[in-house]
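No value in this document is a laboratory result; all are computed from the given coordinates. Keep in mind the model is a prediction, meaning the values are calculated, not measured. In this analysis, Cβ positions are derived from the backbone assuming ideal geometry, glycine residues included, and neighbour counts consider all displayed protein chains.
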Amino acid sequence: MRIITYAFYIYMISFILVLIFFVIDYRKKRTLKKRDPISVFIPCYNDGESIKPTIESLFRSYPKELMQVVVVNDKSTDDSFHQLQLLQQEFPFELLDNEVNLGKAATLNTVTELAKHENILILDADTLIETRHIEDMMARMQANEKVAAVSCPYVPHNQGFLPLMQNMEYAMLDLVQGSYNIFWAIVLRGGCLMIKKKPFEEVGKFATRVMTEDVDLAFKLTKAKYKVEQSFYRVETIVPEKAKEWFKQKLRRNSGGAHCSFKYPLIWIRNPLHVLMMVSFNLLILALLVNAVTHFDLLLIIFSQSEIWRAFWVVFNLQRWLDFFINKCSFSIIALPYVLPQIANRKDIRKIIYVVPYAIIYVPMYSFAGMCGWFKGIYHYRRLENLWKVWGRAR
């Protein structure tokens, strides 16, 4: 199919450009001039199992005398508030308890009024942070006064097939979004986000009538002539382990992305590399899927033969099977760069086999969920303006 060839070449050209821009930014030398004080805000909703490791990691990562830490229980229905009361006996943070569930965006908009410092760190209650994360985000903002916000990408903390596939997905997104640091990023990750107080207030803080308030914030800051960047250090977070939760997460993210793209069209198209790569990527996946489906006529031929010997002839037609294998597995080559971050030493070389299920199973699922999310985002574009609150449990 010609469309596969064209989409492949477009994707590879955009991939090479992305890789070049990523390396350029990665090689930039940034040093932390000094450790500035920060105000840390952690919204908590039904995170009783994960909040303790998050609090512990925070106080291990930065001097407590330089931090103002505020944790907000957003009317959790589990034992989150009790766990926070116990943790408060060990760590110096202020604990607030919402009388009603406000949602993440509204909660943060309210409590950040209490910020005593210019640098605000927003941390999800299931995120594990380290010193390098805080210092890299801070160093990026110190290096360029126009950088108003920096966020860290994710790496799954939990184990299993689906988290493993998501780890490779995040590696793909890290490469793409990290390359935008040369110009301007259009995505912020709300799980670990550092932002300057003045620009945050200037753009109206988080929008409460969108599906992805962190992405919307990135667009607003860019529109206001500020710059946002992605750190290269990944924070550990809990990702969905079940297909239903995973699909819900992808639907929400892509719906929010579609909403922001229609809300800020001029900002979105100002990054043509992003448009080119995402369109060619999804076009390539769709074309490969259509081509693969056409090969299912192999089974139909087998079962439609009246003579047994003809069925065997079809089964052992090696050329046909080879064509089938190539069409099903050719995209594995494109997915290979996203598997390489999994390989830390020689023993990990066996993990290269992960490229096959990732390319053949996960990427088509991801693209399908993404397209569903975009269609939903387009359909609900107007209705989202009437959405009063959105609490996105899965990021």
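Evaluated with a Cβ-only charge set (Lys, Arg +1; Asp, Glu -1), the range 200-287 carries a dipole of roughly 240 debye about its Cα centre, given to the nearest 20.
Each residue, K244 and K64, gets one label point 7 Å from its Cα in the Cβ direction; the gap between the two is 4.2 nm. Model label points for K34 and A139, set 7 angstrom from Cα along the Cα-to-Cβ axis, are 1.8 nm apart.
Each label was represented as a point 7 Å from its Cα along the Cα-to-Cβ direction; for R346 and L266 these points are 5.8 nm apart.
Bridge orientation summary for the range 30-242: considering DSSP beta bridges with both residues in this region, about 30 percent are antiparallel.
Counting 0.36 nm for each residue step from K223 to T131 and taking away their Cα separation leaves a gain of 30.0 nm.
The length gained on full extension between L95 and F232, counted as 0.36 nm times the residue separation minus their Cα-Cα distance, comes to 46.2 nm. Remark: T131, T107 ranked as T131, T107, counting other beta-carbon atoms within 10 Å and listing the fewest first. For D97, the amide hydrogen comes within under 5 Å of the amide hydrogens of N73, counting only partners 5 or more places away or on other chains and with H modelled in the peptide plane. The spacing between the range 355-369 and the range 166-186, judged by their C-alpha centroids, is 18 Å. Residues in the range 96-101 carry Karplus couplings, in order, of 10, 10, 5, 6, 9, 6 Hz; the curve used is 6.51 cos²θ - 1.76 cosθ + 1.60 with θ = phi - 60°, and Gly or Pro positions show x.
Once the Cβ-Cβ distance of D79 and T110 is raised to the sixth power relative to R0 = 25 Å, the FRET efficiency obtained is 0.60.
Ignoring lysines fewer than eight residues from K244 along the same chain, the ones with Cα atoms less than 30 angstrom from its Cα are K52, K75, K104, K263, K328, K351, K376, K389. Stretched out straight at 0.36 nm per residue, the stretch from M278 to F375 would grow longer than its current Cα-Cα span by 33.4 nm.
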